[in-house]
1. Within the stretch 318-330, is there a residue that is surrounded by fewer than 20 Cβ atoms within 10 Å (Cβ to Cβ) and at pLDDT 95 or above?
2. Quick one: in the stretch 158-179, which of the residues that are away from the ligand (no atom under 12 Å from the Cβ) and not in a loop (DSSP other than H, G, I, E, B) is surrounded by the fewest Cβ atoms within 10 Å (Cβ to Cβ)?
3. Restricting attention to the stretch 122-149, which residues are farther than 18 Å from residue 197 by Cβ, out of contact with any Lys or Arg (no Cβ under 8 Å at 6 or more places or on another chain) and either of a type in the set (A, V, I, L, M) or not in a loop (DSSP other than H, G, I, E, B) (or both)?
4. Answer yes or no: is there a residue in the stretch 362-375 that is crowded, with 23+ Cβ neighbours inside 10 Å, touching a residue at least 40 places away in the same chain (Cβ under 8 Å), polar (S, T, N, Q) and in the same structural domain as residue 251 (by TED's automatic domain parsing).
5. Among 71, 91, which is the only one that is in contact with a Lys or Arg (Cβ under 6 Å, 6 or more places away or on another chain) and either of a type in the set (Ser, Thr, Tyr) or buried (at least 24 other Cβ atoms within 10 Å of the Cβ) (or both)?
6. Can you tell me which residue within the stretch 125-157, out of those that are among the aliphatic types (A, V, I, L, M) and over 16 Å from the mean Cα position of the chain (by Cα), is surrounded by the fewest Cβ atoms within 10 Å (Cβ to Cβ)?
7. Please verify whether residue 312 is closer than 15 Å to residue 245 by Cα, in the same structural domain as residue 258 (by TED's automatic domain parsing) and in contact with an Asp or Glu (Cβ under 6 Å, 6 or more places away or on another chain), treating the condition exactly as stated.
8. Which of the residues spanning the stretch 46-69 are assigned to a helix (DSSP H, G or I) and closer than 22 Å to residue 100 by Cβ?
Amino acid sequence: MDLRLTDEQSDARALARQFVRREVTPYAADWDRAESVDPALPGRLGELGFLGLTLPEEYGGSGGDHLTYTLVTEELGRGDSSVRGLLSVSLGLVAKSVAAWGTEEQKRRWLPGLCSGQSLGCFGLTEPGTGSDAAALTTRARRDGGDWVLDGAKTFITNGTWAEVVLLFARTGGEGHRGVSAFLVPADSPGLTRTPVHGKLGLRGQPTAELVLDGVRVPGDALLGEEGRGFTVAMSALAKGRMSVAAGCVGLAQASLDAAVGYAGEREQFGTTLAHHQLVQELLADIAVDVDAARLLTWRVADLIDRGEPFATESSVAKLYASEAAVRCANNALQVFGGHGYIDAHPVGKLVRDARVMTLYEGTSQIHKLLIGRALTGVSAF
Ligand code: FAD
């Protein structure tokens, strides 16, 4: 199933597919065991133009539309969700926010490095005490002369130990979302401690960190957007970011389908290949339907963004469906592999582990149902 793509879109997807086949798939299992993808990867993703997708060339971006962005993201997710996540966060949440909300000086300072992969960005919203209820965050920023001084803690921060810049959300005013502001904080700022998180169920190759801010001083021009508008910066980043997660889920689901179809054609039981057994075909068909449905919902978001139409609810729909589908597809693929799927030597166990987080981050499935319900009824149930 495919759309009619432009030459540029087809070329970008082919480039991503080739990159993944040669430089990601052969190493993904080792990175998973070593709990680290290759540190040279951000540079490669930059060289190929992937980290600058949709961003203006004058700041080092590689342009392109959001459909191209989803096609490339899907291919990365098909190869390794840890690699896909590096891009979804650094480009999707951080660089795109700098491009959308930054001053000319902020764009010139941060975007060229983020687009080239010489630097990575991380997104510091979640705290130990505030996940789904992000507007209740307690990290504090207070003015001191012309500077801001930041104190608090952030948890589960993707790219946290590798990033050069943290897009950090802190309270500058009273309670609720109107008291939150966004800051661009250099990750090597004195007083900022980053501790790696180990023992994740999946996405093991991806650097994840806890951040502690103890009197971190940044100049006044570190504020991104207006004071008190940080929650709007966060939510607008996440609305597009969810499309990127959904595209990664489509890639993971497609990888599940590829693996299951391949194995069903090889493995023999009862004197014939698994592919001859009707209930195995049912598992394969269920995966295939989920892949197509998730992909079309994701492409719809990209199309809406590229046409300048509202897309936030459609982005929730795509993220909710694609993430739940990724979990189902990986699980069905493992069922096709039988006991062999439970052993590390086959790729489907990793797909199951990597898929599981997709229904948790960038809004849990429950939160997306509440967002969709609010859009349908006008009633906020949270
Ligand atoms: P909680 O909010 O405590 O929720 C627990 C459960 O309660 C969930 O099932 C939830 O759906 C349910 N629940 C909560 N409120 C309601 C409600 N009103 N109605 C119904 N159900 C409800 N955060 C960042 O800021 N930056 C990152 O880069 C980042 N990367 C991450 C990477 C990984 C690997 C992980 C695991 C998390 C990451 N996160 C990141 C954090 C992630 O976004 C949060 O884990 C997520 O928002 C959920 O918050 P929580 O874990 O505190 O769960």
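1. Looking for residues that are surrounded by fewer than 20 Cβ atoms within 10 Å (Cβ to Cβ) and at pLDDT 95 or above, one finds at least one in the stretch 318-330, hence yes.
2. 178
3. Of everything in the stretch 122-149, those that are farther than 18 Å from residue 197 by Cβ, out of contact with any Lys or Arg (no Cβ under 8 Å at 6 or more places or on another chain) and either of a type in the set (A, V, I, L, M) or not in a loop (DSSP other than H, G, I, E, B) (or both) turn out to be 134, 135, 136, 142, 143.
4. no
5. It is 71.
6. Ranking the qualifying residues of the stretch 125-157, first place goes to 136.
7. So residue 312 fails the test.
8. 46, 50, 51, 52, 57, 58, 59, 66, 67, 68, 69
The values are calculated or read from the model by the stated rules, or taken from the named source; none is laboratory data. Please read these numbers as outputs of a predicted model, since none were measured by experiment. As a convention, Cβ positions derive from the backbone with ideal geometry for all residues, glycine included, and neighbour counts pool all protein chains shown.
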